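The values are calculated or read from the model by the stated rules, or taken from the named source; none is laboratory data. Quantities reported herein were computed from a predicted structural model and do not represent experimental measurements. Heads up, the Cβs are rebuilt from the backbone with ideal geometry, glycines too, and the neighbour counts pull from every protein chain shown. What goes into the accessible areas is simple: the full protein's heavy atoms, side chains included, and nothing from ligands, DNA or RNA. Shrake-Rupley method; radii C 1.70, N 1.55, O 1.52, S 1.80 Å.
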Amino acid sequence: MDLQSHAKAEYQRRLEARNADVRRLDTRDALYANLRLVVFAVALAILVAALWIDTTVWAWVVAPVIAFVLLAVRHDRVIRARDRARTSVAFYEHGIARMEDRWAGLGLSGEGLVPAEHLNAADLDLVGRGSLFQLMCLARTRAGQQTLADWLCTPADLDEITARQRAVEELRTRLDLREDLAQFGQGIREGVQPGVLIRWATGPQEFQVMKARIVATLLGVALVVSFAMLVTGMATVPFAVAIVVAWAATRPLQKGVRRAIASMDEPKRELGVLALVLARMERETFESPRLKALQARIASRGVSASVCIARLHRLAGWHEARNNQLFAPIAALLMWDIQFACAFETWRTRHGGHVAEWLEAVGELEALCSMSAYAYEHPGDPFPELVATGPLVHSESLGHPLLPSAACVRNDAHLDETTRMLVVSGSNMSGKSTLLRTVGINAVLAQMGAPVCAKALRMSPLTIGATLRIQDSIHEGRSRFYAEIQRLRAVMDLTKGPKPVLFLFDEILAGTNSHDRQLGAEAILRGFLDAGAIGLVTTHDLALARIADALSSRAANVHFEDHLEDGKLVFDYQLRAGVVQKSNALELMRAVGLKV
């Protein structure tokens with residue numbers, strides 16, 4: 001049994017166990033539902049007997065009422081346990097689907113987490129349906145989702161990559177931790193933006209808390225006492241006076257109180273999930289320095305972050321009680337809004353400065369857990385070797401992680417100080433663009449700290465720029481050619497940064513005439529090489545393939561081939577040295593029924 005089969009077998013074993021739990025809890029659910037119905041019927045029978053037969057049997061109704069309450073509590077526990085078991089079933093089903101290449105469309109796509117103008121996210125399928133984000137992401141909080149998206153789109157430095165690799169390796173077999181984290185956040189897949197919660201936690205104080213608390217407490221006592229006098233018939237005037245005094249005394253506070261309450265509306269949606277994730281994070285024992293550091297960051301003045309967030313979540317829940325029509329009058333007497341606005345402001349004063357750090361820790365833990373699941377489900381994928389000197393990309397048996405394993409053809413690719421550019425020629429559909437995406441997406445995996453889809457990969461830190469998905473824009477009045485040269489300019493600007501650039505140019509300058517294309521492409525590529533960049537450029541124009549000769553030893557030609565079998569084009573997707581010698585354009589036209 002190979003390593004991936006072993007991982008899949010473990011998922012399958014756990015899936016069967018969780019399905020058995022669901023069936024067992026379904027049986028208990030039905031049992032408790034029936035018992036509650038029986039107890040309710042008994043209580044109803046006693047009430048009927050008390051009303052129509054003998055009033056002395058009233059006392060007997062206490063026993064079934066107590067029994068009903070106890071059954072309801074136990075029933076609720078069973079329902080929650082079954083929901084958790086069902087979540088675990090879905091967790092392992094999705095894991096098996098990923099290993100069986102049936103994952104596209106499952107889970108979050110990551111759209112909206114990356115700027116539209118990013119120079120390789122769309123080109124390399126980092127976000128969107130069927131993307132690397134969708135394959136990897138297990139995060140339940142928005143902080144975790146955003147962190148993973150940021151790591152995909154922003155290469156880390158060498159020390160950070162090493163720290164993440166060690167953390168991922170430690171978390172690789174922590175299935176229980178990932179399963180527990182999967183229990184949280186059901187129903188709020190689109191969580192609160194971390195910035196929203198941070199802005200709420202660190203914003204300016206809306207009003208003087210101590211003054212508001214004293215006023216609300218005194219007025220609350222006065223309203224309750226005067227109301228008691230009203231309902232007992234002792235006096236009516238005190239209650240009317242108390243209402244007028246309360247209105248006048250709290251009027252200056254109302255604007256600040258309303259702002260404090262309103263600003264809490266959006267952040268409170270994710271507080272419960274944050275508290276659960278933090279609590280689970282605090283219980284785990286870690287060995288790697290990175291994971292230990294994450295645990296150390298979730299403490300505030302000797303109180304755990306989970307306790308602080310859970311308290312805020314409870315406060316928000318209790319405040320919601322004012323929306324109950326039966327409780328609303330009581331809430332008004334108790335100055336409910338002012339009291340809880342004071343509680344929210346007090347919490348912000350004590351703990352608000354730590355919220356950003358807590359969210360960052362949660363986001364990093366969830367991102368690392370997502371990467372560890374990817375590592376567990378791809379046990380044959382090694383961690384790359386990152387070296388400080390470069391530019392360098394030396395890969396052996398490099399494959400595309402988003403392709404089904406049965407369809408993934410692997411190739412070697414080498415770029416260094418000697419051979420700085422590969423000019424990839426070949427016919428249509430032969431695999432040129434896929435090779436560029438394969439190199440690019442593995443460079444992304446390597447620089448985020450994840451395993452790579454290769455037998456081996458050795459590379460230096462690189463900044464990636466690509467032109468694989470350039471589109472025109474009717475609304476902006478922009479042609480594809482103009483959009484491409486704008487992108488080329490943006491990628492050229494990257495060469496001024498601290499890291500060498502890895503460029504991936506697909507059919508460079510295809511939107512202009514062949515003469516201008518050849519001259520322009522040679523000049524542009526020469527400029528990139530002179531600026532210290534390395535990369536790949538594809539073309540099916542054989543004239544353009546001569547650029548490698550013009551650039552002397554700094555560039556090399558490689559190509560993909562195809563051949564006809566029984567009148568059909570066949571591609572082997574194997575990379576070969578040299579320039580391709582034929583084109584399949586006419587054969588493709590004939591294959592779709594065009595007379596050429």
Can you tally the net charge around Val362? Count Lys and Arg as +1, Asp and Glu as -1, for every other residue whose Cβ sits under 12 Å from the Cβ of Val362.
-2
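With a cut-off of 8 Å between alpha carbons and a minimum separation of six or more residues, what is the relative contact order of the chain in percent?
Details: 897 pairs, mean separation 90.9, N = 596.
Once normalised by length, the contact order is 15 percent.
Using a 1.4 angstrom probe on the protein heavy atoms only, line up His354, His563, His75 by accessible area, largest first. Numbers along the way, then the final one.
Numbers: His354 50, His563 75, His75 15 Å².
Sorted descending by solvent-accessible area, the residues read His563, His354, His75.
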Of Lys455/Lys568; Lys8/Lys568; Lys292/Lys455; Lys455/Lys499, which ones are farther than 29 Å apart at the Cα?
Lys455/Lys568; Lys8/Lys568; Lys292/Lys455
Carbon-plus-sulfur fraction of the accessible area of the chain, 1.4 Å probe, in percent?
58 percent
Which lysines have a Cα lying under 19 Å from the Cα of Lys255, excluding residues fewer than 8 positions away in the same chain?
Lys211
List the GluC sites (Glu not before Pro) within region 68-117 that DSSP assigns to loop and that have no more than 15 neighbouring Cβ atoms inside 10 Å.
Glu100, Glu111, Glu117
Summing -39500 (n - 2.57) over every DSSP H run of at least 4 in the chain, dividing by its residue total and rounding to the nearest 500, the 222 nm mean residue ellipticity is -18500 deg cm²/dmol
Taking only protein heavy atoms and a 1.4 Å probe, what accessible area per residue, in Å², does the chain have with all protein chains in place?
48 Å²
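Taking loop as defined by DSSP and a crowding limit of 12 other beta carbons within 10 Å, which GluC sites (Glu not before Pro) in region 202-308 fit? Mind showing how you got there, number by number?
Working: sites: Glu206, Glu270, Glu282, Glu284, Glu287; in loops: Glu206, Glu284, Glu287.
Sparse-neighbourhood loop GluC sites (Glu not before Pro): Glu287.
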Among Thr346, Leu132, Val69, whose Cα sits farthest toward the positive end of the charge dipole of the chain (+1 at Cβ of Lys/Arg, -1 at Cβ of Asp/Glu, about the Cα centre)?
Val69
Over region 307-411, what is the relative contact order in percent, taking alpha-carbon pairs closer than 8 angstrom and at least six residues apart?
15 percent
Quick one: check the C-alpha center-to-center distance for region 206-241 versus region 296-357, whole angstrom.
23 Å
State to the nearest 20 debye the size of the charge dipole of the chain about its Cα centre, where the only charges are +1 on K and R beta carbons and -1 on D and E beta carbons.
2020 debye
Relative contact order of region 204-283, please, whole-number percent, based on alpha carbon pairs below 8 angstrom and at least 6 residues apart.
32 percent
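Using DSSP, restrict attention to beta bridges with both residues in the chain and report what percent are antiparallel, rounded to the nearest 5.
Values: 17 of 37 bridges.
Taking every DSSP beta bridge with both residues in the chain, the antiparallel ones total about 45 percent.
Restricting to DSSP loop positions (anything but H, G, I, E, B) with no more than 15 other Cβ atoms inside 10 Å of their own Cβ, which GluC sites (Glu not before Pro) remain in region 392-486?
On the way: sites: Glu396, Glu417, Glu476, Glu484; in loops: Glu417, Glu476.
Loop-located and lightly packed - Glu417, Glu476.
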